[in-house]
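**Q** This structure is in structure tokens; I'll ask about it shortly.
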Amino acid sequence: MELERSKKLYEEALKLLPGGVSSPVRAVKPFPFYTAYAKESKIYDVDGNCYIDYCLAYGPLILGHANPVVKEAIAEQLEKGWLYGTPIELEVEYAKLITKLYDSIEMLRFVNTGSEATMAAIRLARGFTGRNKILKVEGSFHGAHDAVLVKAGSGATTHGIPNSAGVPPNFVKNTLQVPFNDVEALAEIVEKNRDDLACVIMEPVMGNAGLILPEKDYLKEVRKITEENDVLLIFDEVITGFRLALGGAQEYYGVKADLTTLGKIAGGGLPIGIFGGRREIMELIAPSGPVYQAGTFSGNPLSLIAGYTTVKFIMENKVLEKVNRTTEAIAEGIADQIEDSNIDCSIGYIASMFCVYFGETPKNYADALKLDKEKFLKFFWELLKEGIFFPPSQYECCFVSYAHSEEDVERTVEAVGVCLRRL
Ligand SMILES: Cc1ncc(COP(=O)(O)O)c(C=O)c1O
């Protein structure tokens, strides 16, 4: 596989961008490929290689790359200008659609990234309750802001820096941690801190420490414990929103949060974040209330039209049914390949997410840390040679899109078998 141009670009980038990249997980060792363009299920690099893409920009592209309907909608908006700094009709329409799909969301605000959404949701939970502490799950990732950069998953864990330098201890002294899938630990810590605890924030399905599924009734127990102790529950559905179901993990598992954060798919591939929830809480957001939140690019027409068109497309084309079937076919095919190999690995999946674990399927972050991330990286490179692009970390999930074909599935399963045997 020829990667000369990518290698050269990375050498230059290292002098200009910290780690050579604009976001840590992209800094694949020894160097990442540089993308020239992407279409449907394929991504093409600057050296002319083509890969079936399961990274899909870390989740937003559920319709695949450059979906023509979304592209057309963006192009139409471009003709009308792309930033106004005034309200637009589309934010009302999109808000109506989201509040219809998410029972727990009565009001919402559009922001620019998932990080911004969780930051504001946490501030709002603190403002609403008048309490300072928050409780997060070990290994979850809610974006790169101070309060949640403790035992953070994803790129932070990949690069061995789950607790960031530059975050004053004072800023995280109110951030408590609990292992995922441990009802007793959660109950204990919530009860003990109930007078100071504003919220529990969690990814209902963990997607940043590999893929970690909630055990049966875990989320219902989480809801019960938070309700009984009068603590707000924030579901970070930046990955699971519009994916597990149109109404996210909350619809899939039948559990309602007080506040919800959305992103990724919600922007159809353009930057977006959304936080929303019960009216009495959301009305505390400025200017209707005292919890401040603002942004020049918030609710920008391009992100809104790309997201709105994507969600409508998902609804009108039975997208989730199709991507879930495709994912199941890939996962079952890979499970057979794993069984035929002598490698200590396993696979997990749900909806359009899957993860090949080098080790046992994890139940929490401590388990995930036992996975063989070096072996995963070898596997990643072997797959690239076979024209398959998985996200370059054991702690990321693979995503499947509407554009992935049966042929893609067959090629992928076969390539996984070949690569496992080479390890
Ligand atoms: C669950 C979750 N929350 C929040 C974020 C942060 O979103 P963004 O990268 O748009 O800031 C991410 C990003 O991967 C995420 O996976």
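The values are calculated or read from the model by the stated rules, or taken from the named source; none is laboratory data. Values in this document were obtained by computation on a predicted structure and should not be read as measured data. Ideal geometry is used to build each Cβ from the backbone, glycine not excepted, and the neighbour counts take in all protein chains shown.
**Q** I'd like the residue in the stretch 50-91 that is more than 26 Å from the chain's Cα centre (by Cα), surrounded by fewer than 16 Cβ atoms within 10 Å (Cβ to Cβ) and not in a loop (DSSP other than H, G, I, E, B) and, out of all such residues, is farthest from the ligand (Cβ to nearest atom).
**A** My answer is E79.
**Q** Does I239 meet the test of being surrounded by 24 or more Cβ atoms within 10 Å (Cβ to Cβ) and assigned to a loop (DSSP other than H, G, I, E, B)?
**A** Spelling it out, I239 is indeed surrounded by 24 or more Cβ atoms within 10 Å (Cβ to Cβ) and assigned to a loop (DSSP other than H, G, I, E, B).
**Q** Could you tell me how many of the residues in the stretch 378-400 are within 21 Å of M206 (Cβ to Cβ) and surrounded by fewer than 19 Cβ atoms within 10 Å (Cβ to Cβ)?
**A** 0
So that you can scan it fast, the table gives a plain yes or no per residue for (1) assigned by TED's automatic domain parsing to the domain that holds R109; (2) farther than 16 Å from V400 by Cα; (3) over 21 Å from the mean Cα position of the chain (by Cα):
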{"position": "Q293", "(1), (2), (3)": "yes, yes, yes"}
{"position": "G299", "(1), (2), (3)": "yes, yes, no"}
{"position": "L304", "(1), (2), (3)": "yes, yes, no"}
{"position": "T309", "(1), (2), (3)": "yes, yes, no"}
{"position": "N324", "(1), (2), (3)": "no, no, no"}
{"position": "A329", "(1), (2), (3)": "no, no, yes"}
{"position": "E332", "(1), (2), (3)": "no, no, yes"}
{"position": "I338", "(1), (2), (3)": "no, yes, yes"}
{"position": "A351", "(1), (2), (3)": "no, no, no"}
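**Q** Something else about it: Please report, ordered by residue number, the helices (runs of 4 or more DSSP H) entirely within the stretch 113-200 with at least 1 residues that are buried (at least 22 other Cβ atoms within 10 Å of the Cβ), within 16 Å of the ligand (Cβ to nearest atom) and not assigned by TED's automatic domain parsing to the domain that holds S22.
**A** Those helices (runs of 4 or more DSSP H) span 114-129, 155-158.
**Q** Can you tell me which of G273, G248 is crowded, with 24+ Cβ neighbours inside 10 Å and within 11 Å of the ligand (Cβ to nearest atom)?
**A** Going through G273, G248 in turn, just one is crowded, with 24+ Cβ neighbours inside 10 Å and within 11 Å of the ligand (Cβ to nearest atom): G273.
**Q** Tally the residues that are among the aromatic types (F, W, Y) and farther than 25 Å from Q77 by Cα, restricting the search to the stretch 228-282.
**A** Of the residues in the stretch 228-282, 3 are among the aromatic types (F, W, Y) and farther than 25 Å from Q77 by Cα.
**Q** Let me ask something else. Which pairs turn up if I take residues in the stretch 198-222 that are farther than 19 Å from Y395 by Cα and look for partners that are near the ligand (Cβ under 9 Å from one of its atoms) and in a helix (DSSP H, G or I) with beta carbon separation below 9 Å, at least 6 apart in sequence or on another chain?
**A** Final answer for the pair search is I201/T118; I201/V148.
**Q** Right, next: Might you let me know whether the stretch 226-234 holds any residue that is out of contact with any His (no Cβ under 8 Å at 6 or more places or on another chain), assigned by TED's automatic domain parsing to the domain that holds L302 and within 12 Å of the ligand (Cβ to nearest atom)?
**A** yes
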